[in-house]
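Encoded as structure tokens, the structure appears first; notes follow it.
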Amino acid sequence: MSTAVAGKGLEGVVAANSGICWIDGEVGVLSYRGIDIHELALNSTFEETTSLLWNGILPNALELREFQSQLALARSLDQRMIQMLRSFPHTATPMEVLRTAVSALSFYDADEKDNSHDANVRKCFNLTAQFAMIVAIYDRLRKGKKVVPPDRSMSHAANFLWMLNGVKPSETAVKTMDMALVLHAEHELNASTFAARVIAATLSDVHSAVTGAIGALKGPLHGGANEGVMRLLLTIDKAGADPVEYVKNMLAAKQKISGFGHRVYKTEDPRATHLRKMSEKLGKDAGQTKWFEMSRAIELYINADKKLNANVDFYSASTYATLGIDIDLYTPIFAISRMAGWAAHIIEQLDDNRLIRPRAEYIGPPYPAPYIPLEERG
Ligand SMILES: CC(C)(COP(=O)(O)OP(=O)(O)OC[C@H]1O[C@@H](n2cnc3c(N)ncnc32)[C@H](O)[C@@H]1OP(=O)(O)O)[C@@H](O)C(=O)NCCC(=O)NCCS
């Protein structure tokens, strides 16, 4: 057994063989199955990208149509799930609701106890479709609105916006959401994906692995950062403060700024490049450039002063804000997209499984420590 001790936070450790995603953090390359993220962002769709992630190659026209219809057909939730969503307190955040509801989805999945490859793929189609439905339905229920039935003729992005808002989404909104879903779909062994693989490797089940992954994504150091960015922009705006002065003070107080820094990228996160453009264009089209301008001022300052780059979460905040989406839906939207990557990794793990069980370097009291009887302890 190797006695090498990994760095704190497993930095730099290669923990699995995987054919899904390749990142070169030094030069800012991200690719899904070898295809550059810039090409996918500009040319692909969430459905095509998900098919690529799950099957290893781009689908042909027939395969893509089949994939799209399988995902659309999976837009179905047992009525008892909707009852459950109704019963949650409206103070529950959509991310907490998603985590809890996804765990319960296994009760109603016919393949619950089947851990075969084909059954796992079927469960992943269901979960991908159901994630978007749960987020949209819960948001409407907490606002006292009626549930909007899914539209199986729409794309994944369009159906989500339709079920969320109850109005046919604009072409721009669908294109923006679809591109955001492509950009967030996969990112190698990030914390939530690693959590999913660890759980899957115990031969638990897909729903358990995905529930654990949602819990990991929720944290402010991971997917929760996009909500942190928007809360910061709102706080600065409300205080009428200068954005640069505000973050300068935060940095002086050793506070972290959500949406900056990355464990792997030492240069610009290639996803941020697209989200910045999206945020700017949407803001201009909507005549509301405030969030973009504040974000840009903060980015330029932190870039110059701290040599820290914006990550995927920084401009997704102003992008979603301009689309009129509530802040606490930002991380669930990340989850709706990342379900594609989690699924690819869970399936890859189970296709060639071995329990993931590392060791710890023991730094506690020396062995053997004495067992002192209770009456003799101070
Ligand atoms: C992403 C993140 C968790 C990576 O963490 P990490 O690899 O463990 O890096 P560290 O937290 O050790 O940061 C290294 C240094 O950069 C600084 N730093 C990193 N991110 C920072 C941020 N967002 N704001 C201010 N300083 C930051 C740290 O304070 C540390 O400085 P030090 O060496 O002087 O102590 C971290 O950059 C972060 O907390 N970012 C904000 C949350 C976020 O946007 N998460 C989404 C990631 S996609």
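Just so it is clear, none of the values below were taken in a lab; they were calculated from the coordinates. In this text, all values refer to a predicted model and were calculated from it rather than measured experimentally. Every residue, glycine among them, receives a Cβ derived from its backbone with ideal geometry; neighbour counts consider all protein chains shown.
Structural remarks
- Of all residues in the stretch 227-276, those satisfying the criterion of being within 13 Å of the ligand (Cβ to nearest atom), among the aliphatic types (A, V, I, L, M) and assigned to a helix (DSSP H, G or I) are Val229, Met230, Leu232, Val247, Met250, Leu251, Ala252, Ala272, Leu275.
- Residue list for the stretch 198-210, restricted to those being touching a residue at least 40 places away in the same chain (Cβ under 8 Å) and surrounded by fewer than 24 Cβ atoms within 10 Å (Cβ to Cβ): Val198, Ala201, Thr202, Leu203, Asp205, His207, Ser208
- Among residues of the stretch 107-153, those that are among the aromatic types (Phe, Trp, Tyr) and more than 20 Å from Asp328 (Cα to Cα), counted: 3
- Residues of the stretch 282-324 that turn out to be under 21 Å from Ala41 (Cα atoms), within 15 Å of the ligand (Cβ to nearest atom) and among the small types (Gly, Ala, Ser), as a count: 4
- Within this structure, Ser155 passes the test of being among the small types (Gly, Ala, Ser) and touching a helix residue (DSSP H, G or I) at 6+ places or on another chain (Cβ under 8 Å).
- Checking Gly283 against (1) farther than 30 Å from Gln130 by Cα; (2) out of contact with any Leu (no Cβ under 9 Å at 6 or more places or on another chain); (3) outside any helix (DSSP H, G or I), the condition it does not meet: (3)
- Where a residue in the stretch 246-273 is closer than 21 Å to Tyr32 by Cβ and its partner, wherever it lies, is near the ligand (Cβ under 6 Å from one of its atoms) and not polar (S, T, N, Q), with Cβ under 8 Å and at least six apart: Arg263/Gly9; Asp269/His262; Asp269/Val312; Arg271/Val312; Ala272/Val312
- Here Leu77 fulfils each of the conditions (1) crowded, with 18+ Cβ neighbours inside 10 Å; (2) of a type in the set (A, V, I, L, M); (3) not in a loop (DSSP other than H, G, I, E, B) apart from (3).
- Looking across the stretch 326-375 at every residue that is surrounded by fewer than 21 Cβ atoms within 10 Å (Cβ to Cβ) and of a type in the set (Val, Ile, Thr), the one that is farthest from Ala6 (Cα to Cα) is identified as Ile327.
- Residue list for the stretch 1-55, restricted to those being within 16 Å of the ligand (Cβ to nearest atom), in a helix (DSSP H, G or I) and touching a residue at least 40 places away in the same chain (Cβ under 8 Å): Gly9, Ile37
- Selection of the stretch 130-159 for residues being in a helix (DSSP H, G or I), under 26 Å from Pro89 (Cβ atoms) and of a type outside the set (Val, Ile, Thr) yields Gln130, Phe131, Ala132, Met133, Ala136, Tyr138, Asp139, Arg140, Leu141, Arg142.
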